[in-house]
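Colleague: First, the structure itself, so that you have it in front of you.
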């Protein structure tokens with residue numbers, strides 16, 4: 001039994017005629033007759049009785065008609081649902097973002113997206129870059145937005161923006177009072193630094209730069225939130 005057989009069966013049941021069903025389906029009457037015969041053979045029961053040149057459903061035919069209409073209706077509904085998903089008229093999107101992006105950029109990005117596609121439901125996960133990468137690889141989120149490097153070759157990367165990292169210090173620190181505003185490698189090596197936690201994309205980028213410049217840095221405090229670091233300074 002297949003969908004095409006059910007469609008032919010429904011048309012015969014509703015027109016009460018194989019010839020009319022054939023005309024509406026643009027197929028030959030023998031093809032309709034063969035389809036009904038195959039259905040009856042597979043179900044081992046008669047589906048129609050011929051009365052006064054009309055084909056009327058048997059009790060078994062009535063049961064099959066009810067379920068066939070339901071099946072075809074569900075298929076049509078599924079097709080509409082899938083079309084809506086493809087056109088972003090409805091659906092669910094699971095988004096992961098690294099901590100910095102999740103705090104400062106994600107709300108605006110999602111706000112703009114919701115204006116265009118108001119019926120899309122969002123599920124958010126905010127964590128450091130390494131966690132977001134792991135969630136993507138485990139198919140627990142649909143898309144990740146991070147600022148740090150991604151190491152897996154199984155993920156597709158699209159660069160969408162550029163950012164600039166700055167060193168910050170207290171307004172009471174000697175660097176803030178300096179007239180030159182120049183910080184040397186030696187200056188950095190003398191200071192204790194506040195870093196993000198391991199796995200943070202921001203930390204990964206900073207450490208790569210410091211190592212490339214030969215800086216012997218000393219991260220004395222580790223905080224997992226950019227706002228906490230700003231307040232700690």
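Where a number appears in this text, it was derived from the coordinates with a stated rule and is not lab data. Bear in mind that the values here come from a model prediction, so they are computed numbers and not experimental data. In this analysis, Cβ positions are derived from the backbone assuming ideal geometry, glycine residues included, and neighbour counts consider all displayed protein chains.
Colleague: Could you tell me how far the Cα centroid of segment 117-160 sits from the Cα centroid of segment 37-108, in Å?
Modeller: With segment 37-108 and segment 117-160 each reduced to a Cα centre, they are spaced 32 Å.
Colleague: Oh, and also: How big is the chain by the Kirkwood estimate over distinct Cα pairs, in Å?
Modeller: After inverting the pairwise mean of 1/r, the radius is 24.0 Å.
Colleague: Ranked from highest to lowest mean number of other Cβ atoms within 10 Å per residue, what is the order of the peptides 96-105, 41-50, 27-36?
Modeller: Going by the mean number of other Cβ atoms within 10 Å, highest first, we get 96-105, 27-36, 41-50.
Colleague: Testing the spin-label approximation: label points 7 Å from Cα along Cα→Cβ at residue 2 and residue 172. State their distance in nm.
Modeller: 8.1
Colleague: Run lengths n ≥ 4 of DSSP H only: what is the helix-derived mean residue ellipticity at 222 nm for the chain, with -39500 (n - 2.57) per run over all residues, to the nearest 500? Each step should come with its number before you reach the end.
Modeller: On the way: 11 runs with 119 residues, N = 233.
Mean residue ellipticity, 222 nm, calculated: -15500 deg cm²/dmol.
Colleague: Highest first, please rank the peptides 125-135, 82-92, 141-151, 52-62 by the mean number of other Cβ atoms sitting within 10 Å of their residues. Can you show the working numbers first?
Modeller: Details: 125-135: 20.7, 82-92: 12.0, 141-151: 17.7, 52-62: 13.7.
In decreasing order of mean packing, 125-135, 82-92, 141-151, 52-62 become 125-135, 141-151, 52-62, 82-92.
Colleague: Nearest 10 degrees is fine. How inclined is helix 106-116 to the longest principal axis of the chain, computing both from alpha carbons?
Modeller: 30
Colleague: Per residue, how big is the convex hull of segment 174-232 when only Cα atoms are used? Give it in Å³. Display every interim value, and only then the final one.
Modeller: Numbers: hull volume 5.6 nm³, N = 59.
With only Cα atoms used, segment 174-232 gives 95 Å³ per residue.
Colleague: Compute the long axis of helix 201-212 from its Cα atoms, compare it with the longest principal axis of the Cα atoms of the chain, and write down the angle in degrees, 0 to 90, nearest 10.
Modeller: The answer is roughly 40 degrees.
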